[in-house]
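The structure under discussion appears below in the form of structure tokens.
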Amino acid sequence: MFVSWLSTPLSLSEEKSVFVVEPGASLHSVSQQLAVQGALKWPRLLVLLGRLRDQTNIKVGEYELVSGVGPEEFLDMLNDGDVIHYSVTLIEGKTFNEALVDLKQEESLVPTLVDKDATADFLSQLDLPNENPEGWFFPDTYHFVKGESDADILIRAHNRLRDVLSTEWEGRASNLPYENAYEALTMASIIEKETGTPSEREQIAGVFVRRLEKNMRLQTDPTVIYGLGDKYNGNIRRSHLRQATPYNTYVIKGLPPTPIAMVGREAIYAALHPAEGEALYFVAKGDGSHHFSTTLEEHNNAVQEYQVRKRVENYQSAPQN
């Protein structure tokens, strides 16, 4: 009887259900809970089996029970911690505040960064500036289980960013115009916002690096938009290009004071391995790619060609995902 009981399916009311093992729960309490629900006959046998196999150290979390699972298999799940995993994705090119919004929308995460004070305290624990932690979190898909929080995800994203940036900085090309890895991260964020075309990242990095070396302003629209903050309504105007902000690279020389978005590894690599060449300008062609120019005259002609005469309704500065 005992042997056949091991594989006798639990009496589940649905094809799939979720069983939650709360912190502090024991194999005995779990067995009793299943018995009360009518899912497990002879709960004491499950406890006995756990003791015989030294499998009483069950793991906290959510377990997916499917039709046909028996006591023996369920005990293995509890000891292996075979819990339900969720995932959330931080996306390249999004800002820190946008990432916070994405995390808040993930119902399976425990919300802890509920206001500015909580967020400021969290950033202080990571030794990051409260006024602007932009760029310090690596965009990727992060898996988690029930009980983890939005802060847990950001801690992992921050540690990952530091690891990636350190590795890429160690392998950087020579004679780059950056004083430190943070400046390279700032440049990478601009590259991230300027193009989603992988083949052009190093070219765009080359243009910006040469402009820095020649003491030319970067004159890149994404920095202007970032500096406008909530005042940006989707249309960038000539007045915006003249508006003085710490991020307006049409006004300031050099890099802005911080990154302007979350940065992927490819953009960091491009910032640290700019393509050689003579181009000092580029303009979006409207199909996601760019035209690169060496002289201002060539650039102005390209602007007329691609942004005036050929501008169409589906014009885009970067490829759509």
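Below is a table of values for the structure above.
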quantity	calculated
Neighbours by Cβ (under 6 Å, 6+ apart or cross-chain): first from the stretch 182-194, under 17 Å from ALA275 (Cα atoms); second open to solvent by less than 30 Å² (accessible area, probe 1.4 Å) and among the hydroxyl-bearing types (Ser, Thr, Tyr)	ALA184/TYR178; ILE190/THR220
Residues located in the stretch 273-283, provided they are crowded, with 19+ Cβ neighbours inside 10 Å and within 17 Å of GLY196 (Cα to Cα)	PRO274, PHE282, VAL283
Cross-chain or 6+ apart pairs with Cβ under 7 Å, the stretch 101-126 first and under 14 Å from SER149 (Cβ atoms), then among the small types (Gly, Ala, Ser) and open to solvent by less than 90 Å² (accessible area, probe 1.4 Å)	LEU109/SER149; VAL110/GLY147; VAL110/SER149; THR112/ALA118; THR112/SER149; THR112/ALA151; LEU113/ALA151; PHE122/ALA151
Which numbered condition ILE236 fails, given (1) at pLDDT below 95; (2) under 20 Å from the mean Cα position of the chain (by Cα); (3) of a type in the set (Val, Ile, Thr)	(2)
All strands (runs of 3 or more DSSP E) inside the stretch 13-126 with 2 or more residues being open to solvent by less than 10 Å² (accessible area, probe 1.4 Å) and either basic (Lys, Arg) or closer than 30 Å to ASP230 by Cα (or both)	none
Which listed residue, of ALA173, ALA151, is in contact (Cβ under 8 Å) with a residue 60 or more places away in the chain and either touching a helix residue (DSSP H, G or I) at 6+ places or on another chain (Cβ under 6 Å) or closer than 26 Å to THR249 by Cα (or both)	ALA173
Residue match in the stretch 142-152 (condition: under 26 Å from THR223 (Cβ atoms), open to solvent by less than 10 Å² (accessible area, probe 1.4 Å) and not basic (Lys, Arg))	no
Qualifying residues in the stretch 283-321 (those that are touching a His at 6+ places or on another chain (Cβ under 7 Å) and of a type in the set (Ser, Thr, Tyr)) - the one modelled with the highest pLDDT	SER293
Odd one out for ALA181 among (1) surrounded by fewer than 22 Cβ atoms within 10 Å (Cβ to Cβ); (2) within 13 Å of the chain's Cα centre (by Cα); (3) of a type in the set (A, V, I, L, M)	(2)
Subset of the stretch 284-297 that is more than 28 Å from the chain's Cα centre (by Cα) and without any contact (Cβ under 8 Å) to a residue 60 or more places away in the chain - its residue that is least open to solvent (accessible area, probe 1.4 Å)	SER293
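The values are calculated or read from the model by the stated rules, or taken from the named source; none is laboratory data. Computed from a predicted structure; not experimentally measured. Every residue, glycine among them, receives a Cβ derived from its backbone with ideal geometry; neighbour counts consider all protein chains shown. Protein only, heavy atoms only, side chains kept; ligands, DNA and RNA dropped before computing areas. Shrake-Rupley method; radii C 1.70, N 1.55, O 1.52, S 1.80 Å.
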